[in-house]
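The values are calculated or read from the model by the stated rules, or taken from the named source; none is laboratory data. Predicted model only: the values in this text are computed from it and were never measured. Positions of Cβ are backbone-derived with ideal geometry, glycine not excepted, and every protein chain shown enters the neighbour counts.
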(Lines give C-alpha, C1' and ligand atoms only; values in the text may rest on other atoms or scores of the structure.)
Protein backbone atom coordinates (compact mmCIF):
# COMPACT_ATOMS: atom_id res chain seq x y z
CA UNK A 1 0.00 0.00 0.00
CA UNK A 2 1.53 3.36 -0.98
CA UNK A 3 2.18 5.90 1.72
CA UNK A 4 0.24 9.10 2.02
CA UNK A 5 2.01 12.06 0.46
CA UNK A 6 4.51 13.42 2.95
CA UNK A 7 4.69 10.43 5.31
CA UNK A 8 7.18 7.58 5.12
CA UNK A 9 6.20 3.95 4.75
CA UNK A 10 7.04 1.36 7.37
CA UNK A 11 10.50 -0.18 6.94
CA UNK A 12 10.50 -2.98 4.37
CA UNK A 13 13.11 -5.51 3.26
CA UNK A 14 15.11 -4.23 0.32
CA UNK A 15 14.20 -5.62 -3.09
CA UNK A 16 15.90 -5.64 -6.51
CA UNK A 17 14.65 -2.13 -7.32
CA UNK A 18 16.16 -0.71 -4.11
CA UNK A 19 19.46 -2.57 -4.67
CA UNK A 20 19.61 -1.09 -8.19
CA UNK A 21 19.14 2.39 -6.69
CA UNK A 22 22.07 1.66 -4.35
CA UNK A 23 24.20 0.35 -7.21
CA UNK A 24 23.46 3.49 -9.24
CA UNK A 25 24.20 5.90 -6.36
CA UNK A 26 27.22 4.03 -4.85
CA UNK A 27 29.89 6.28 -6.40
CA UNK A 28 28.12 9.40 -5.08
CA UNK A 29 27.93 7.83 -1.60
CA UNK A 30 31.63 6.93 -1.70
CA UNK A 31 32.51 10.47 -2.76
CA UNK A 32 30.42 11.98 0.07
CA UNK A 33 31.85 9.50 2.61
CA UNK A 34 35.42 9.95 1.39
CA UNK A 35 35.96 6.19 1.22
CA UNK A 36 35.37 3.14 -0.94
CA UNK A 37 32.84 0.50 0.12
CA UNK A 38 33.77 -3.10 -0.81
CA UNK A 39 30.24 -4.22 0.07
CA UNK A 40 27.19 -2.07 -0.72
CA UNK A 41 24.19 -4.28 -0.04
CA UNK A 42 20.72 -2.78 0.56
CA UNK A 43 19.03 -4.39 3.57
CA UNK A 44 15.86 -2.37 4.25
CA UNK A 45 14.23 0.89 3.28
CA UNK A 46 11.42 3.36 3.76
CA UNK A 47 10.00 5.52 1.02
CA UNK A 48 8.22 8.86 0.95
CA UNK A 49 6.09 10.08 -1.94
CA UNK A 50 6.68 13.75 -2.71
CA UNK A 51 7.06 15.28 -6.21
CA UNK A 52 9.01 12.10 -6.91
CA UNK A 53 10.10 9.61 -4.25
CA UNK A 54 12.55 9.84 -1.35
CA UNK A 55 14.16 6.53 -0.41
CA UNK A 56 15.74 6.09 3.02
CA UNK A 57 17.92 2.99 2.64
CA UNK A 58 19.94 0.97 5.17
CA UNK A 59 23.03 -0.35 3.38
CA UNK A 60 25.52 -2.94 4.68
CA UNK A 61 29.04 -1.77 3.86
CA UNK A 62 31.09 -4.55 5.50
CA UNK A 63 31.67 -6.10 8.91
CA UNK A 64 29.28 -4.56 11.44
CA UNK A 65 29.12 -1.27 9.52
CA UNK A 66 26.06 0.23 7.85
CA UNK A 67 25.23 3.57 6.27
CA UNK A 68 21.84 5.18 5.77
CA UNK A 69 21.17 6.88 2.43
CA UNK A 70 18.57 9.43 1.46
CA UNK A 71 18.07 9.15 -2.30
CA UNK A 72 15.63 11.22 -4.32
CA UNK A 73 14.16 9.72 -7.50
CA UNK A 74 12.51 12.16 -9.90
CA UNK A 75 9.15 11.35 -11.46
CA UNK A 76 9.24 9.29 -14.69
CA UNK A 77 8.09 12.34 -16.68
CA UNK A 78 11.24 14.11 -15.41
CA UNK A 79 13.55 11.23 -16.35
CA UNK A 80 13.49 9.15 -13.12
CA UNK A 81 17.02 10.37 -12.31
CA UNK A 82 18.52 9.66 -8.90
CA UNK A 83 20.37 12.03 -6.57
CA UNK A 84 21.96 11.43 -3.19
CA UNK A 85 20.47 13.91 -0.71
CA UNK A 86 22.01 12.57 2.49
CA UNK A 87 24.37 10.00 3.99
CA UNK A 88 24.62 8.93 7.62
CA UNK A 89 27.76 7.00 8.58
CA UNK A 90 28.60 4.81 11.58
CA UNK A 91 25.28 2.96 11.69
CA UNK A 92 24.71 -0.60 12.90
CA UNK A 93 22.15 -3.22 11.88
CA UNK A 94 19.85 -2.36 14.82
CA UNK A 95 19.65 1.37 14.04
CA UNK A 96 16.15 2.26 12.80
CA UNK A 97 15.79 4.11 9.52
CA UNK A 98 14.68 7.64 10.34
CA UNK A 99 13.82 10.65 8.20
CA UNK A 100 16.87 12.89 7.71
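Summary of values
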{"quantity": "Which listed residue is at pLDDT below 95 and surrounded by 15 or more Cβ atoms within 10 Å (Cβ to Cβ), from 52, 63, 79, 7", "calculated": "52"}
{"quantity": "Test: residue in segment 34-41 that is free of Cβ contacts under 8 Å to residues at least 12 places away in the same chain and touching a helix residue (DSSP H, G or I) at 6+ places or on another chain (Cβ under 6 Å)", "calculated": "yes"}
{"quantity": "Output for segment 60-85, where each listed residue is in contact with a strand residue (DSSP E or B) (Cβ under 7 Å, 6 or more places away or on another chain) and at positive phi", "calculated": "80"}
{"quantity": "Selected residue [over 18 Å from residue 90 (Cβ atoms) and either loosely packed, with under 15 Cβ neighbours inside 10 Å or in contact with a strand residue (DSSP E or B) (Cβ under 9 Å, 6 or more places away or on another chain) (or both)] from 25, 57", "calculated": "25"}
